[in-house]
Each structure stands twice: as C-alpha cells, then as structure tokens.
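Structure record follows, encoded as structure tokens.
The values are calculated or read from the model by the stated rules, or taken from the named source; none is laboratory data. Please read these numbers as outputs of a predicted model, since none were measured by experiment. Don't worry about glycine lacking a Cβ; one is built from the backbone with ideal geometry, like all the others, and counts go over all protein chains shown.
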Amino acid sequence: MAKWALVTGASSGIGESFTRLLAAKGFNIALVARDEARLHERATALREKYGVQTFVLPADLATAQGCASVEDYLNEFDIEVLINNAGFGINKAFTASILTAEQDLLDVLVRTPMRLMHVILPKMKARNSGTIINVSSIASFIAGGTYSASKSYLTVLSESLHTELLGTDVKISALCPGFTRTEFHQRGRMRMKGLPEFMWLNSDQLVSAAWSDAQSGKAVSVPGWQYKLLVGIISSAPRRFVRKIGMNLRKRQR
C-alpha cells in the first residue's frame, strides 16, 4: 500500500516540485495551499502522470482555522512525509511594513510548521519512520528582516529535532536554498533584475538534492556550490559584516 506525503504551498514553485518528486517515488500526495482551483489542477496532473492518489486541502495557513484544518488531517491519517514549504516575503522595511502582514508572515513561516511538526512527530516516533523537510532559506544565515528571522527559527528547530531524533528512523532536514526560479519574488514584488544568472537555482534540481540529503541523514541541505561557498563565508565573517550584507540585499530588493 502506497504511503502518503503532505506538502504545504503545493500549488507552485518548490512545493509543486516536491509533489512531482514524491509522486514519482510512489507516494500518494495531500496538497495544501490557498488556491483551490490550482490545487485541483496539480492533483489531476499528478494522478494522470504518476497514477497516485491525491487529496486536496485548501487552507490559508496565515489563519488559525487554516492551520487547524491541516493539524486535524495529520491527526486523522498516517503521513509518512511532511514538506513544510508554504511561505512568502514582505518587500518593506520592518519600520514601514503593515503589522498584519508581519503577523501573517510569522504565522505561515513559524507557527504553522512548528504546530504541524508537533502534531506529526509523536506518530512518526511511535512507528519509527517518517521524513520531514522544512523549506527554510539561505536567508536564515544572514540578518535580513523578519523573513530571515523566521527562517532562522525553522533552520535551528530542524537542527535541534534532527539531533533529538538521532538513533531513530525519523529524518528531519532543513532545506536552505538561495534564489530559485519560482513565483516567490514576483508575488513579493521584489526587484531581482540585477542578480547574476549563476546565482539562480532550478527548483526541480534543488528538491532532488534536498530529498537525497534528508534520506542520507543531513540536518541542513544547502543546494548549489555558490550558496555552499556563501554559507562558508558567512560562517567565518564578523557578524557586523553579515548584518550589512543582509540589509544591503533587502534594500536592493526594494
């Protein structure tokens, strides 16, 4: 009997790439996002191409109700793979942003993955199997506003849980991609024209690498030589320099 995977932010970008990778590996797919029509399109494509079962769960993860609906699903069914991918960015300085937008970002990027993991991990531990991949960001290593802060939470929590679960067959990994060709930057109205071509990553390739890294027991997956190099520089550079990089990058995107 095929096992199930649940992917948040499944209608586009990295989440959509994960749905295809997992379906190709024989997993049935539960798709979570806000756009119900688009979810049904993705679900139909997965069934037709890979012959898997699908379940569409429309939910706005910025709301308590949306988050609770996914928690209820995880409580009711056995899910072997959880991909916490849903997210967005805010193209304004913290002192100029709208408070409700900042709260939504915190709820989607921090509250929701925390709660979903808290619900699913006891079941994974009880059966001693399961994989969780938290889609964080290379931004989690710098200081670039509340997006960086939220992603730092996700990376550090993933590392902590990875250590806590060593010795079990439950795998947890943080995927920390750099700039990836998805709809993310357009939706956030971020200016990206000045970014060199070599800094862009391919969503399908990084998802494949992330899955391999998670299965091999890596706590953090950083796809792309350019971003591995960047993390190495950030790790050894003075923190004041890292802060300057983060804020300069944020200004360029605005």
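Whether a residue is touching a Gly at 6+ places or on another chain (Cβ under 6 Å) and assigned to a helix (DSSP H, G or I) was assessed, and G66 does not pass this test.
All told, A30 falls short of being of a type outside the set (D, E), over 19 Å from the mean Cα position of the chain (by Cα) and under 23 Å from G87 (Cα atoms).
Quick one: is A10 touching a residue at least 12 places away in the same chain (Cβ under 8 Å) and farther than 14 Å from I133 by Cβ?
No; evaluated as a whole, the condition is false for this residue.
Taking the condition surrounded by fewer than 17 Cβ atoms within 10 Å (Cβ to Cβ) and more than 28 Å from F179 (Cα to Cα), does A101 pass? Lay out the reasoning, then the answer.
On the way: surrounded by fewer than 17 Cβ atoms within 10 Å (Cβ to Cβ): yes; more than 28 Å from F179 (Cα to Cα): no.
Spelling it out, it is not the case that A101 is surrounded by fewer than 17 Cβ atoms within 10 Å (Cβ to Cβ) and more than 28 Å from F179 (Cα to Cα).
For region 69-105, a residue qualifies if it is closer than 17 Å to G9 by Cα, small (G, A, S) and assigned to a helix (DSSP H, G or I), and exactly one does: S69.
Cβ separations smaller than 6 Å between residues 6+ apart or across chains give the following pairs from region 202-231 residues that are within 13 Å of V135 (Cβ to Cβ) to residues that are among the basic types (K, R) and not in a helix (DSSP H, G or I): A214/K171.
Considering region 58-88, and only residues there that are within 18 Å of A2 (Cβ to Cβ) and touching a helix residue (DSSP H, G or I) at 6+ places or on another chain (Cβ under 9 Å), the residue that is surrounded by the fewest Cβ atoms within 10 Å (Cβ to Cβ) turns out to be D78. The criterion of at least 3 residues that are within 21 Å of F88 (Cβ to Cβ), modelled with pLDDT of 75 or more and not polar (S, T, N, Q) is met, among helices (runs of 4 or more DSSP H) falling completely within region 157-243, by 203-215. Scanning region 109-129 for residues that are farther than 14 Å from A68 by Cα and buried (at least 20 other Cβ atoms within 10 Å of the Cβ), we see that the one that is nearest to the chain's Cα centre (by Cα) is L109.
Being farther than 18 Å from A149 by Cβ, surrounded by fewer than 19 Cβ atoms within 10 Å (Cβ to Cβ), touching a residue at least 24 places away in the same chain (Cβ under 8 Å) and not charged (D, E, K, R) is true for just one of A37, A24, A45, A93. Which residue is that? Let's see the steps before the verdict.
Working: A37 fails: touching a residue at least 24 places away in the same chain (Cβ under 8 Å); A45 fails: touching a residue at least 24 places away in the same chain (Cβ under 8 Å); A93 fails: farther than 18 Å from A149 by Cβ.
Criteria check complete, one pass: A24.
Rundown of residues vs (1) more than 21 Å from S11 (Cα to Cα); (2) hydrophobic (A, V, I, L, M, F, W, C), yes/no style:
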site	(1), (2)
D107	no, no
V110	no, yes
K125	yes, no
T131	no, no
S136	no, no
T146	yes, no
S160	yes, no
E164	yes, no
